[in-house]
Amino acid sequence: MALFSTPRYAEIRSVEILTPRGALLTELDLKRFRTLKRDSKPDKRVFIQELDLPADAANGWYRARTRLANGDEFITQDFVIVYEMPHAGGQAPAHGAELAEIPAMLTWDPVPGAGFYRVFIRDLWDENHLIYASKLLAQPRLELPPGLLRKGGMYSWMIHARDTDSHILLGDFNHGSRNTPASFQIDE
């Protein structure tokens, strides 16, 4: 997955991701992004693109060549160690679970190599609307905020596992994985 973030998103015309050998890996789709709201700072967009790495993908400095509307061009780089992190498993509540009570916590098995997790919860009765995105978690569990889930509700949840956070060489993270969302319902 290629990620590129900037508060100068309105100026960008293209972002190309280059391999350590300088070959074009992909051009980011600037229509696919997540906006990060930041206290006392301008909003930032994170452009995200899933991609298949070629079989000969190498560890090294991957570069982003960014072109702005005024013609300026910038090169940024991120060191990448190529590795596929396993997906989270052992979710509780499990996929398809019918619960008599609102759970106080979501848990899952530790992911080998993961140091941090984020959990995303969607309300399946409300057009799959994202109702919760956790902060970074150091343990494979999430204590649910009171009032988030309701009796009679149907929810899905997904775990994003990642190896590091704000690493001096690897950035926000190098390896990560997202499991297939698990859904559960809570009886009335």
A chain fully extended from T26 to Q139 at 0.36 nm per residue, minus the present Cα-Cα distance, gains in nm 37.3 nm
Need one number: nm distance between label points at N59 and N128, each 7 Å from Cα along Cα→Cβ, rounded to one decimal. 3.7 nm
Reachable lysines, given that their alpha-carbon falls under 27 Å from the alpha-carbon of K44 and they are not under 8 places away in the same chain: K31, K135
Proxy exposure order for H129, H87 (fewest C-beta within 10 Å first) is H129, H87
Using the Kirkwood radius over C-alpha pairs as Rh, can you work out the diffusion coefficient of the range 1-62 via Stokes-Einstein at 4 °C, viscosity 1.567 mPa s, in µm² per second? 100 µm²/s
If each residue of separation counts as 0.36 nm, what is the full-extension length gain between R13 and S40 once their alpha-carbon separation is subtracted? 7.1 nm
In nanometres, what is the gap between the two model label sites at I48 and R67, each 7 Å from Cα along Cα-to-Cβ? 2.7 nm
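FYI, it's all coordinate maths here, none of it is from the lab. Bear in mind that the values here come from a model prediction, so they are computed numbers and not experimental data. Here the Cβ is made from the backbone with ideal geometry for all residues, glycine too, and neighbour counts use every protein chain on show.
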